[in-house]
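Just so it is clear, none of the values below were taken in a lab; they were calculated from the coordinates. Remember, it's a predicted structure, so these values are computed and weren't measured experimentally. All Cβ positions, even for glycine, are placed from backbone atoms using ideal geometry, and neighbour counts span all protein chains on display.
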4 protein chains.
Amino acid sequence: MTSQQAYVRPLGRPREARADRAIVEATLELIAEHGVHGFRTEDVAARAGVGKGAIYRRYRSKDELALAAVADLVYEELAVPDTGSTRDDLLALMREAVALYRGSLARRLFPSLVGAMGQKPDLARALREGFLASRRAVLTEVIQRGIERGDLRRDVDVDLALDVLGGPLFYRLLITGGPIDDELAEGVADLIMRGFGPDPSRRPKATTARKRSR
Amino acid sequence: MTSQQAYVRPLGRPREARADRAIVEATLELIAEHGVHGFRTEDVAARAGVGKGAIYRRYRSKDELALAAVADLVYEELAVPDTGSTRDDLLALMREAVALYRGSLARRLFPSLVGAMGQKPDLARALREGFLASRRAVLTEVIQRGIERGDLRRDVDVDLALDVLGGPLFYRLLITGGPIDDELAEGVADLIMRGFGPDPSRRPKATTARKRSR
Amino acid sequence: MTSQQAYVRPLGRPREARADRAIVEATLELIAEHGVHGFRTEDVAARAGVGKGAIYRRYRSKDELALAAVADLVYEELAVPDTGSTRDDLLALMREAVALYRGSLARRLFPSLVGAMGQKPDLARALREGFLASRRAVLTEVIQRGIERGDLRRDVDVDLALDVLGGPLFYRLLITGGPIDDELAEGVADLIMRGFGPDPSRRPKATTARKRSR
Amino acid sequence: MTSQQAYVRPLGRPREARADRAIVEATLELIAEHGVHGFRTEDVAARAGVGKGAIYRRYRSKDELALAAVADLVYEELAVPDTGSTRDDLLALMREAVALYRGSLARRLFPSLVGAMGQKPDLARALREGFLASRRAVLTEVIQRGIERGDLRRDVDVDLALDVLGGPLFYRLLITGGPIDDELAEGVADLIMRGFGPDPSRRPKATTARKRSR
DNA sequence: TAATAACCGAGACGGTACGTCTCGTCTTAGG
DNA sequence: CCTAAGACGAGACGTACCGTCTCGGTTATTA
């Protein structure tokens, strides 16, 4: 039976992969130069060497184009670290996030992206279900393993933990302009370990946090 | 010696105070509906019942108008709570913040505000130095008092603490869409108390933070 | 009693008469250069020194603009010549028509105008009822006078006469590309005089025309 | 069953004759509906049930397609009538022309064809040298025969005569919208006979109509 | 009281980017 | 090599919005 073979090649000339890449790259360059709102679709077309039609065949609007370009920049396979230490696993992920958001492009990109999310539910959903969900899934796995390992309490509010890990980073990126560096990564990782670590009053002898500090 | 009396009434017909208010209010409503970029000056004029000229006589650009409107909205006096309990003081401030950001106007305002901050340094500075700084000052005072009281460690990274308090809230507001409620307020307050509480290994007996959580 | 004074000045800034003229003139030039369909609205705007908005505030579409421009061009007062000689009157009118259609603007304008008439009943009606009707009225008067004077037969088919006077001219202009000159004017005028001149059969000897109808 | 043919079949799949007809017919219908410029190649393809490629393999451009379609409609062998009577020969040709231009398709086709001629010299030349020249050649022969026969003056301006025969018909078709009927055919034929007939003042006894019958 | 000056609402202005559309060509898989 | 389907680069279309300017008219202070 071929019914499982769901993919049917669409009729007609296929989209050119070359154009796909060129459009995204031109968009990223122009966003970096003029901002998420400041760039012009005509310039994207010109720089990518395509017609405007080729852009609007792929993306319904300028905003969707900007989103896709950013998504392309930001999506990457995320390996679940497994160092044996919950703190080190968290730290690895946080450091990677720090590295991503320190980049000048991502730093200039996110604010307007967030602004657009408020106006375009589609974009918000796409970002949440794609980029965000994948990162949260990885963090969740690390936390679950930490619980099983006994490094974290059984009743950890996982959502809160995720938001405490990610929140301060975005807060600095979007609002305060504070430094996004490894100190931040270590700070929140340690706070999670300490705040959600096993209750010392119950198990006075086991002090995970101590061991972690080498 | 009248030189100190600097004010000279300008010639001609004075500006109408009625229009001043109407413009700001119409702007706020329209920003909430369509975002800091999405609203139209013509709509502001129409809703305020003024001409576009009246707007541009007061503000040099759409951005300046948006900034002024937001500034007008956001400034308010903030009392420093003093319940005697560091946790309760934090909780009071957090609950107030929760109440503010649950409100539909602020909730719709902030995303586009953040987006605009990325492109307009003036707006970003105004918001950081006004709204944000005042809230951080109050929280800082509560934390300092907590340290002096011995509820918190002496070496608390205050900036990190502030970002852990505020970050998750904004993260949910702007990114995840997660719930902004008292559970969140309590979660982060407890995490701060626990994570930045006095080191139990150093002073195994005194555990103020423990007791407060009952 | 001011009720007869129906005109109420519209609110706001009035349209600029300068722009009205400039738009129509630029349109005519560009139609002559590129045809009723071939000209570009952006070029009209540029040549007229106005924005595209100023054009579309006045005309709902490119077609309506073209129609208005042509209508503006084509209306002019036409005097009825009265030299005392029917042939000379006809000749005067024909020479004037020749002069008009030799002109480079009209010569380039008419072909695409005719093409458009086939597609746009509005344009066709406007042209027929304005430009064409006024010229036919003048010719009709000359012919009537010729009949009364005895220079032409009483039973002249006036419509046919008008079409024989105008047809060859347009035929050369639109189809054959043949010369439009005074020789043509004289040729058709003489043909009309000779072909529709008084019937020699009434002056009892010659009866050619009568017999033909059998 | 094709092997018996000496004709060497070109490589590959042969063109479908079905498509040839369908393309031309669809083009004619769409030109009649929207004009020579107004129709869309995509609509032609859709209505003919072919791809755009099939059209552009046959015709190099939209204009060439339009021209070919019109040519297909309009070209037909034209016999030189020879009734023995110059008037009747002219009348036969004029009646045939009337029949052609009364048809609703030709009537809708010509205006935009003329419009296009003004912008496309190639099309104008093709139409003049093909369709038009063949008709003028036939008429010229009839007139020459008329001269030789003595029905028409020796010094007839043949070009003018042709334009007087064809002009009024096109004038009504393209400009005035007047009736195109046998009355018109007879009117211009009689006018030519009378206006270009032998000068009665010079040869007072010989009546043209007499001679025609030889 | 009259003149002067800046205000008022309404809306046209020049300019610019948008997103759509069509042209004529090119590129697939398949007959 | 043909076919239908549909993507391609190019560029005009008509719309929308910006920030400015121009109306007739209003509201203050100064003369």
Handout entry: 37 °C / 0.692 mPa s Stokes-Einstein diffusion coefficient of the protein assembly as shown, Kirkwood radius on C-alpha pairs, µm²/s
Key = 91 µm²/s
Problem - Residues of type aspartates and glutamates that B:Lys120 reaches as a straight line, Cα spacing below 18 Å, ignoring anything fewer than 8 places off in the same chain - result: A:Glu33, B:Asp63, B:Glu64, B:Asp72, B:Glu129
Exercise for the section: Note down the Stokes-Einstein diffusion coefficient of the range B:3-73 in µm²/s, whole number, using a Kirkwood radius over alpha carbon pairs, 10 °C, and 1.306 mPa s. Expected result: 124 µm²/s
Practice task
Take every Cα pair under 8 Å in the range C:77-196 that's 6+ residues apart, average their separations, divide by the length, and report that relative contact order as a whole percent.
Solution key: 39 percent
Handout entry: Reachable aspartates and glutamates from B:Lys62, criterion Cα separation under 14 angstrom, eight or more residues apart if same chain
Key = B:Glu42, B:Asp43, B:Asp122
Practice task
Count, for each residue of D:105-117, the Cβ atoms from other chains sitting within 10 Å of its Cβ, then give me the mean as a whole number.
Solution key: 5
Fill in the blank from the handout: Across 10 Å bins beginning at 0, the whole-percent shares of Cα-Cα pair distances in chain D come to 7, 27, 26, 19, 12, 7, 2, 0
Completion exercise
Averaged over residues of B:28-39, the number of beta carbons from other chains lying within 10 Å of each residue's Cβ is 2
Fill in the blank from the handout: Output row for D:Ser104: copy-to-copy label distances, label 7 Å along Cα→C-beta, ascending, in nanometres, one decimal, is 4.3, 5.8, 7.0
Completion exercise
Sorted on mean Cβ neighbours within 10 Å (highest first), peptides A:8-17, B:22-31, A:71-80 come out as B:22-31, A:71-80, A:8-17
Handout entry: C:Lys52 paired with A:Arg58, simple spin-label distance in nm, labels 7 Å along Cα-to-beta-carbon
Key = 2.5 nm
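Find how much the distance from A:Glu33 to A:Ala79 grows on full extension, using 0.36 nm per residue of separation minus their present alpha carbon separation; answer in nm with one decimal.
Gain on stretching A:Glu33 to A:Ala79: 13.4 nm.
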Completion exercise
Along the range C:95-102, Karplus-curve 3J(HN,Hα) (6.51, -1.76, 1.60; θ = phi - 60°) to the nearest Hz, with x for Gly and Pro, reads 5, 5, 4, 4, 4, 4, 7, 6
Fill in the blank from the handout: 1/(1 + (r/R0)^6) with r = Cβ-Cβ of A:Ala133 and A:Arg154, R0 = 30 Å, i.e. FRET efficiency to nearest 0.05, evaluates to 0.80
Problem - Shielding score for D:155-162, defined as the mean number of other chain Cβ atoms within 10 Å - result: 4
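About the Cα centre of the range C:3-73, how large is the charge dipole given +1 on each Lys and Arg Cβ and -1 on each Asp and Glu Cβ? Please answer in debye to the nearest 20.
Charge dipole, the range C:3-73, about its Cα centre: 440 debye, nearest 20.
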Practice task
Give the relative contact order (percent, whole number) for the range C:1-117; include only Cα pairs under 8 Å separated by 6+ residues.
Solution key: 29 percent
Fill in the blank from the handout: Inter-copy distances for A:Arg58, nm, shortest first, label points 7 Å along Cα→Cβ, are 3.6, 4.2, 4.5
Exercise for the section: Using DSSP to define loop residues, name the trypsin sites (Lys or Arg not before Pro) in the range A:47-77 whose beta-carbon has at most 10 other beta-carbon atoms within 10 Å. Expected result: A:Arg60
Problem - Pseudo-label separations to other copies for A:Asp199 - Cα-to-Cβ vector, 7 Å, nm - result: 2.4, 12.8, 13.3
